[in-house]
Amino acid sequence: MGAIDGRQFLERLDSTPRELWYGDEKITGAVSSHPAFRGAAKSIAALYDMQAKPELRDLMTYRSPTSGEPVGTSYLQPRTKEDLAKRTAMMKVWANYSGGVMGRTADYLNSCVMAMAAAKEFFGMEGRGYATNIQSYYEHVRERELLLTHTLINPQSNRAVGPSKQADPFIAARVVEKGSEGVTIRGARMLATLPMADEIMVFPSTVVRSGQDDLPYSIAFALPVSTRGLKFVCRESFSTGSAYDHPLGARFDEQDAVVVFDDVVVPWERVFILEDPEKANRVSEATDAIVFMAHQATVREAAKVEFVAGLVTLVAETIGADQFPQVQEKISEILLSEEMMKAFISASEANAHVNKWGLMTPDYVPINSARNLWPKVAPSLSVVLKQIGASGLMAIPPEETLGSKIRPDVDRYYQARTADAEERIGLFKLAWDLAGSSFAGRQDLYERFFFGDPVRMASAYYSWYDKEPYKERVKELLHRKE
Ligand SMILES: Cc1cc2nc3c(=O)[nH]c(=O)nc-3n(C[C@H](O)[C@H](O)[C@H](O)COP(=O)(O)OP(=O)(O)OC[C@H]3O[C@@H](n4cnc5c(N)ncnc54)[C@H](O)[C@@H]3O)c2cc1C
């Protein structure tokens with residue numbers, strides 16, 4: 001089958017049964033037509049359509065080593081720096097499409113599975129041949145271009161104790177029993193962004209560490225979303241209204257869901273780690289999946305800062321605020337962030353090396369630095385948009401106003417230096433959707449947390465970073481005799 005286009009994605013979305021709960025409704029009709037999902041579904045379809053465009057096909061796909069068919073570039077196991085550059089360029093094209101606000105486009109988890117499969121020996125041949133399972137899974141999703149979602153986190157009931165010490169030891173998803181068909185899982189996991197996916201991967205967090213008490217929770221597996229007993233409980237959609245009123249929310253709300261496993265049977269061939277805290281703690285780093293996922297994330301983040309740089313400059317120019325030094329200083333702050341994110345990517349690729357599993361791997365030092373800096377950079381984007389947009393961010397009447405009798409007043413009083421009223425209002429609605437709307441609020445939370453708790457990430461960064469050479473330099477100066 002190989003690389004799919006948008007139509008194939010939408011057909012699969014609508015024909016795959018899944019227990020998707022939205023409010024009091026278990027969605028039974030076409031998911032792609034549901035108001036909560038249709039905007040993002042259409043956007044994801046547009047991304048897949050790019051793979052079929054003659055001018056993009058060579059960048060967006062490569063020949064599958066098994067079938068010879070074109071498959072998506074984010075599955076490419078890079079062996080050279082050129083491969084790595086191709087992955088980056090492909091991911092940037094996808095990220096640019098949404099201005100970087102869609103965090104969980106397929107390339108994020110494709111990068112994870114790709115790296116884990118290259119490192120299959122890490123999973124081992126004990127038990128039911130976990131190494132073979134991860135390799136087969138990678139080929140399975142690559143050859144069908146299956147869209148993945150994932151859950152890493154246990155429900156947030158009581159963080160003071162681990163999953164086995166909760167009031168109910170079956171709140172967090174865990175092994176119930178092992179049988180001839182597979183492993184039965186009961187409990188819940190958070191937080192599956194993109195429940196429109198074809199498959200769900202359940203993996204350990206890159207930040208949370210497990211001990212022996214956590215044996216039944218130390219698992220990694222993958223399942224089709226249609227598996228019996230699997231339920232997705234969605235949050236309220238931010239995809240309400242028209243694309244004029246909500247330029248981002250109406251198009252790019254990926255949705256987030258808590259996932260319930262109601263005695264779900266995971267077939268043995270879909271199990272990758274079983275009751276193994278030591279492996280669960282190490283899997284992301286040992287396989288370098290974390291590096292490739294963070295690399296994708298940094299490319300997406302660079303796209304987002306570029307988009308905000310364009311947006312905030314337009315906002316300032318439109319109202320003639322671009323001439324003020326403090327406005328220029330704030331926009332420069334965004335431009336500096338943009339250059340910094342791009343420099344992290346360039347440095348990671350310039351210093352890429354072949355890892356122990358044979359993949360040309362971006363240097364993790366700049367990539368991990370980007371990963372830790374981003375939760376601080378991202379909130380500043382909306383702050384600057386608010387500082388410069390000011391009350392104009394509230395001079396955004398609903399689209400219907402433009403078709404009403406008050407329109408002549410709107411045309412007169414909402415016009416700006418470089419735009420008529422309709423254009424100005426549209427631009428400021430876009431700025432509000434990035435800086436202050438409910439969609440923007442979710443964006444802010446996403447950027448702070450999507451790669452794990454930033455506090456524990458920073459603490460891990462402190463321990464991991466090699467500070468010795470700098471300490472030595474200080475000591476040398478202190479002890480210098482002359
Ligand atoms: C919009 C959004 C989308 C997401 N999408 C996904 C997804 O697709 N897949 C997925 O798997 N996850 C996803 N996540 C979840 C993400 O992985 C978590 O938010 C992140 O790992 C932090 O975990 P938590 O939210 O449970 O916070 P918690 O761990 O509950 O932390 C809450 C607070 O307590 C502090 N805290 C808790 N425990 C400790 C501790 N032991 N030591 C020190 N401080 C502690 C934290 O610093 C934080 O301030 C998403 C999150 C958001 C917000």
* Structure fact -> Percent relative contact order for the chain, counting Cα pairs under 8 Å at least six residues apart, stands at 16 percent
* Asked: Which loop-located GluC sites (Glu not before Pro) does the stretch 38-129 contain, where loop means any DSSP state but H, G, I, E or B and the Cβ has at most 14 other Cβ atoms within 10 Å?
  -> Glu55
* If we count every other residue with Cβ under 10 angstrom of Val264's Cβ, Lys/Arg +1 and Asp/Glu -1, where does the sum land? -> +1
* Which value, in Å to one decimal place, does the Kirkwood hydrodynamic radius take for the stretch 284-417 when every pair of different Cα atoms is included? -> 17.4 Å
* To do: For the stretch 284-318, run through the GluC sites (Glu not before Pro) and keep only the ones in DSSP coil with at most 13 other Cβ atoms within 10 Å of their Cβ.
  => none
* Structure fact -> Rounded to the nearest 0.05, FRET efficiency between Ser346 and Lys405 (Cβ-Cβ, R0 56 Å) equals 0.55
* To do: Calculate how steeply helix 106-118 sits against the longest principal axis of the alpha-carbon atoms of the chain, using the helix alpha-carbon long axis, and give the answer as 0 to 90 degrees to the nearest 10.
  => 30 degrees
* Report relative contact order for the stretch 263-364 in percent, whole number only (criteria: Cα-Cα under 8 Å, sequence separation at least 6). => 26 percent
* Taking R0 as 25 Å, what's the FRET efficiency between Tyr470 and His353 from their Cβ-Cβ distance, rounded to 0.05? -> 0.65
* For the chain, Kirkwood radius (reciprocal of mean inverse C-alpha pair distance, Å) -> 23.9 Å
* To do: Quick one: compute the contact order of the stretch 338-482, relative version, from alpha carbon pairs under 8 angstrom and 6+ residues apart, as a percent.
  => 21 percent
* Say the cut-off is 26 Å between C-alpha atoms; which of Lys304/Lys330; Lys376/Lys467; Lys86/Lys376; Lys92/Lys120; Lys165/Lys279 go over it? -> Lys86/Lys376; Lys92/Lys120
* Could you give the nm distance between label points at Gln323 and Ala286, where each point is 7 Å from its Cα heading toward the beta carbon? -> 6.4 nm
* **Cross-link reach list, aspartates and glutamates versus Lys42, counting only Cα pairs under 14 Å and skipping chain neighbours closer than eight places** => Asp5, Glu11, Asp14, Asp253, Glu254
* the stretch 34-105: which trypsin sites (Lys or Arg not before Pro) are DSSP loop and have at most 13 other beta-carbon atoms within 10 angstrom? -> Arg79
* Asked: What is the helix-to-structure angle for 438-449, meaning the angle in degrees between its Cα long axis and the longest Cα principal axis of the chain, kept from 0 to 90 and rounded to the nearest 10?
  -> 40 degrees
* What is the gain in length, in nm to one decimal, between Gln156 and Phe449 on full extension, counting 0.36 nm per residue of separation less the C-alpha to C-alpha distance? -> 104.1 nm
* Theoretical FRET efficiency, 1/(1+(r/R0)^6), r = Cβ-Cβ of Arg209 and Arg235, R0 25 Å, to 0.05 -> 0.35
* Asked: Semi-axes, largest first, in whole Å: what does sqrt of 5 times each Cα gyration tensor eigenvalue give for the stretch 171-234?
  -> 20, 16, 10
* Asked: Once fully extended, how much extra length lies between Ser136 and Glu121, figured as 0.36 nm per residue of separation less the alpha-carbon to alpha-carbon distance?
  -> 4.1 nm
* C-alpha long axis of helix 364-389 to longest principal axis of the chain, angle in ° -> 30 degrees
* Structure fact -> For Trp464, Trp94, ascending order of other Cβ atoms within 10 Å (fewest first) is Trp464, Trp94
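No lab work stands behind these numbers, since they all come straight from the coordinates. This structure is a prediction, so every number in the text was calculated from the model and none was measured. Cβ sites come from the backbone with ideal geometry, for glycine too, and all protein chains shown count toward neighbours.
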